Amino acid sequence: GFAAGQRAEKDGVISFVFVNHAISIAVVSERCRGFAEGLGVDLGNYMLDSGQDTSEIKNPELAYLSANPDVDA
């Protein structure tokens, strides 16, 4: 996650959303924290729990993107 965040910073990313389909698995959340650290920002509310239901996974993502149109990555 950290290296990806550093790359994103070099590419000019300012705002992001990390879609976490396995919120209860610590390593996935740590990857998101690493991305934010590599980007040089606080994780804040950038992590989205999308759930694991593949028929519904797009709904929280679409809602987040609609509410946050400035998301770069």
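The values are calculated or read from the model by the stated rules, or taken from the named source; none is laboratory data. In this text the structure is predicted, and so the values were computed from the model without any measurement. Here the Cβ is made from the backbone with ideal geometry for all residues, glycine too, and neighbour counts use every protein chain on show. These accessible areas exclude ligands, DNA and RNA; they are computed on the full protein's heavy atoms, side chains included. Shrake-Rupley method; radii C 1.70, N 1.55, O 1.52, S 1.80 Å.
Some points to look at:
- Loop-resident sites, the chain, for GluC sites (Glu not before Pro), counting at most 13 other Cβ within 10 Å (DSSP): 56
- This model, with +1 at the C-beta of Lys and Arg and -1 at the C-beta of Asp and Glu, gives the chain a dipole about its Cα centre of some 160 debye.
- Label point distance in nm, residue 37-residue 9, each placed 7 Å from Cα along Cα→Cβ: 1.2
- Farthest towards the positive end of the charge dipole of the chain, among the residues 66, 48, 24, is the Cα of 24, using unit charges on the Cβ of Lys, Arg, Asp and Glu.
- Rolling a 1.4 Å probe over the protein chains gives residue 42 an accessible area of about 130 Å².
- As a fraction of the 1.4 Å probe accessible area of the chain, surface on carbon and sulfur atoms comes out at 52 percent.
- Around residue 3: net Lys/Arg minus Asp/Glu count, Cβ-Cβ under 12 Å: +1
- Environment charge of residue 17, counting only residues whose C-beta is closer than 12 Å and scoring Lys/Arg +1, Asp/Glu -1: -4
- Structure remark: mean-square fluctuation, Gaussian network model of the chain, C-alpha springs under 10 Å; the largest value among 24, 15, 50 belongs to 24.
- When shorter helices are ignored and each DSSP H run of at least 4 residues is given -39500 (n - 2.57), the per-residue value for the chain at 222 nm works out to -13500 deg cm²/dmol.
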